[in-house]
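Report on the following structure.
No lab work stands behind these numbers, since they all come straight from the coordinates. Since we're looking at a predicted model, the values are computed, not measured. Neighbour counts run over all protein chains shown; Cβ positions are idealised from the backbone, glycine included.
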Amino acid sequence: MTTSEPYERAFDEDVQRGSTEPCPECRGPVRTNSAETVCADCGLVIDEQSIDHGPEWYGDDDDTAKRTGAPLTPARHDRGLSTVIGTGRGATDTDTSSQKRRRLARMRREQSRGRWRSKQERNLGHGLTEIRRIASALGLADSVRDQACQLFRTAQNERLLKGRSIEAMAAASVFGACRCNGQSWLLADVAPMAQVPQDRVENAYTVLNEELGLPTPPVRPTQFVPRLASELGCTDVVRRRAETLAAQAVDAGVTTGVHPAGFAAACLYMAACAHDAPLTQAAAAAAAGVTVETVRNHRDTLLSVVE
């Protein structure tokens with residue numbers, strides 16, 4: 001039985017504490033709480049923010065200092081707040097008694113069963129796992145991956161997943177995040193990673209773009225030149241010449257409505273021909289995922305534009 005009323009005492013941060021040194025102005029008594037040190041007579045604020053509310057660090061020096069606890073991440077359904085009963089050393093150690101091992105196994109099983117609070121949370125966890133897998137396969141940055149995860153959350157909150165595949169919506173979220181960041185990824189590059197047909201990913205991306213109004217800038221051929229040049233093994237001279245050709249074509253307005261990767265392949269082919277580099281139309285078309293006729297038509301367009 002308790003001897004005092006509940007919540008009778010205040011939190012430690014709000015407790016007023018006296019100070020041994022008087023006020024420097026009026027020599028009155030000084031009180032200190034979590035926010036400030038103030039004189040009780042004249043009201044002079046001597047010090048403030050006495051408690052550091054920032055992150056805690058531990059370590060002997062700056063090189064080994066680490067933050068206590070992982071930061072929040074949108075790539076997890078619980079934002080990384082939950083813990084997992086692992087199976088590492090200690091849980092299966094031979095020194096651990098059999099009774100304790102059985103108890104840990106029961107706790108691990110109950111935690112696995114109670115991981116999801118609803119079917120919606122289960123679908124969210126599955127979709128975010130797919131996004132992390134696709135982003136890892138494409139080598140995307142963590143910032144782009146987190147934007148894709150947040151886009152998937154928004155799509156679920158707007159009830160856009162109803163009647164659609166979770167894998168297709170996850171791939172569409174990754175492609176939408178890449179488009180919003182101006183990265184040179186095609187839908188044909190992202191769809192095979194999702195293990196679903198490309199038309200379903202395209203349909204999911206169309207829904208995301210129309211319903212959420214994604215701020216996607218137009219894709220220009222200049223964004224694909226460095227990537228294709230790296231795949232084809234072109235020299236820096238050829239790459240720079242191809243970027244100049246692509247910029248001239250964009251300024252002339254002849255790249256509207258064309259395949260950006262195919263036009264970039266045509267720029268690389270023309271730059272390679274100008275520097276006698278061993279690059280064929282078939283190799284350029286295969287790297288861009290277009291036909292040889294597309295590269296040839298874009299080359300003819302470039303010949304009419306380039307001085």
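Sort 220-231, 99-110 by the packing proxy (mean of other Cβ within 10 Å over each peptide's residues), most packed first.
Values: 220-231: 20.5, 99-110: 12.2.
Highest to lowest by the protection proxy: 220-231, 99-110.
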Show the residues, 5+ positions off or on another chain, whose built amide H is closer than 5 Å to the amide H of Thr37.
Ile46, Asp47, Glu48
Provide the packing ranking of 203-215, 286-298, 260-272, i.e. peptides ordered by the mean count of other C-beta atoms within 10 Å per residue, highest first.
260-272, 286-298, 203-215
What does the net charge come to around Ala170 if you take all other residues with beta carbon closer than 12 Å to its beta carbon, with K and R at +1 and D and E at -1?
+4
Other residues with Cβ under 9 Å from the Cβ of Ala271 give, with Lys and Arg +1 and Asp and Glu -1, a net charge of +2
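How far, in nm, would the chain grow between Thr129 and Leu212 when pulled straight, counting 0.36 nm per residue and subtracting the alpha carbon separation? Kindly include the intermediate steps, with their values, before the conclusion.
On the way: separation 83, 0.36 × 83 = 29.88 nm, distance 2.20 nm.
This chain segment gains 27.7 nm when fully extended.
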Once you have the alpha carbon radius of gyration of segment 221-305, what is it after dividing by 2.2 N^0.38 Å, with N set to its residue count?
0.92
Lys, Arg +1 and Asp, Glu -1 on Cβ, resulting dipole of segment 119-212 about Cα centre, debye, nearest 20
280 debye
Each label point is 7 Å from the Cα along the Cα-to-Cβ direction; what then is the distance between the points at Arg101 and Thr235, in nm?
6.6 nm
Top positive-direction residue, dipole computed over segment 94-252 with Cβ charges, set Met107, Leu187, Leu214
Met107
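Within 10 Å, count the other beta carbons around each residue, average over each peptide in 170-179, 237-246, and list them highest first. Present the calculation step by step, with values, prior to reporting the outcome.
Values: 170-179: 27.4, 237-246: 20.4.
Result, highest mean first: 170-179, 237-246.
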Nearest-20 debye value, segment 224-296 charge dipole, Cβ charges on Lys, Arg, Asp, Glu
40 debye
